[in-house]
Structure formats: C-alpha cells, structure tokens
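Before any comments, here is the structure.
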Amino acid sequence: MAEVKLAAQVRTDFGKGAARRARRADLVPAVIYGHGAEPQHVAIHNHALMMALKTPNALIRLDFDGKSELVIPKAVQREAIRQFLVHVDFLAVKKGEKVSVEVPIHVEGDLAPGQHVLEHVLNALPIEAEATHIPESVTVSVEGLEAGASVQAKDIALPSGSALAVEDDAVVLQVVAAQAEAPAEEAAEGEGEGAEA
C-alpha cells in the first residue's frame, strides 16, 4: 500500500469550542496514539484527509512540528447526515511492526442457479499484517455455491505476511435460500374469510 503524505499542525487548544474553531478553518482535529508515548494532538486539512481516508487502512505519513510520523486510521468519526469528518484517531506504526486491522471483503463469482441469497456474516475480515503492507481488501469467490454453503475465515487466501485475527472456523459468508412470501392477494382473501366467520 502506498504511503500518503499529509501536512498537519500541532493543536494546543482542546475541547468542543477548539474543535469547532478548527472545523470552521477547514481542519479536522486528530489524535495520534501508540508506542507508549503521550498522545499527540494535531489538525489536518479536511479535503486532503478525506481523500486519504477513501482507502481503508490508509498508511499516512503526517509531517508536523519538524517531525514525521507514520500512522494508520483507527477510529474515524463522521457527522451523521452530511458525513463530513469530525475527528480521527490514528495509531502510530513503524516499518516491520505488525498491526491488527479489518480489511474489506470483495466477493466475486455467481451463486448456483436458484433462489439463493448471499449473507455477509462479517463485512470485513480481521487480520494481522505488517503496518506497511496492509492489503486493501481480500477476495472471496462464491462461484457455484448453493443454499447451506458457507465460507469460513480459513478458506480465504491471505497475502503473504498476513494472518487471521479471528478463529479459523469463523463464518464470513453464507448462502441461504430466499424466503418465499405469500402473494398479497391470498393474504387479503384469508383475512376476509376470517372476518365473515
């Protein structure tokens, strides 16, 4: 995964008022945690950070106060309706260090013919990977699977250097038979008969 470089500035004001002022200045308040160091409070330009976070588990190099810190996003808060960034928690990482992350699951292939529905038991796969080599996603083929079939975590091919951070037999995807619904007309007729009795 490519490194994204972003400029940040150190924050010295804290609290809701300071956070609102930062957002009015088109900055996103953020905190960097990790390696037993004191949390570092920074602010990052909104648009640049939003673009960087389009990639899950983005590897970001933050430059601030004459130093550089390699980080990955751990918690991203967005405003509920307009989805703009409110606050971001980052985890400081080092090359060669292993981190636990969740990677999106990309599904490919077609289920067996018939009325089948693919259920995502997990929307993302928990893995442990080197901080500078986190995969953007994992791919799972569901080609030809029928109702009752499932894909377990151990069935998913992981990139080298990555390991599961969930039980091997954890169900990730399962195929279920579509539920047949009674036609609306029949249901209405049944109600009418019960009313006459």
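Could you tell me which of the residues VAL101, VAL93 is aliphatic (A, V, I, L, M), within 16 Å of the chain's Cα centre (by Cα) and either at pLDDT 85 or above or open to solvent by 40 Å² or more (accessible area, probe 1.4 Å) (or both)? Matching residue, one of VAL101, VAL93: VAL101. Checking each residue in segment 148-160 for being in contact with a strand residue (DSSP E or B) (Cβ under 8 Å, 6 or more places away or on another chain), open to solvent by 50 Å² or more (accessible area, probe 1.4 Å) and small (Gly, Ala, Ser) picks out GLY148, SER150, ALA157.
For segment 43-82, the set of residues classified as closer than 16 Å to ASP26 by Cβ and modelled with pLDDT under 90 consists of ARG78, GLU79, ARG82, listed by residue number.
On the stretch given as segment 104-118, residues that are open to solvent by less than 40 Å² (accessible area, probe 1.4 Å) and within 26 Å of THR132 (Cα to Cα) total 1.
Just one residue in the set LEU118, LEU53 is among the aliphatic types (A, V, I, L, M) and under 12 Å from the mean Cα position of the chain (by Cα); that residue is LEU53. Within segment 60-82, being farther than 20 Å from PRO39 by Cβ and open to solvent by less than 90 Å² (accessible area, probe 1.4 Å) holds for GLU79, ALA80. Within segment 1-21, the only residue that satisfies the criterion of being among the basic types (Lys, Arg), outside any loop (DSSP other than H, G, I, E, B) and modelled with pLDDT of 80 or more is LYS5. The number of residues in segment 9-39 that are open to solvent by less than 40 Å² (accessible area, probe 1.4 Å) and touching a residue at least 40 places away in the same chain (Cβ under 8 Å) comes to 7. If the condition is being closer than 23 Å to GLY34 by Cα and not in a loop (DSSP other than H, G, I, E, B), then segment 126-170 contributes PRO126, ILE127, GLU128, ALA129, GLU130, ALA131, THR132, HIS133, ALA163, LEU164.
The values are calculated or read from the model by the stated rules, or taken from the named source; none is laboratory data. Nothing here was measured: the structure is a model prediction, and the numbers come from that model. All Cβ positions, glycine included, derive from the backbone under ideal geometry; neighbour counts span all protein chains shown. Accessible surface is based on the protein model in full, side chains and every heavy atom, while ligands, DNA and RNA are left aside. Shrake-Rupley method; radii C 1.70, N 1.55, O 1.52, S 1.80 Å.
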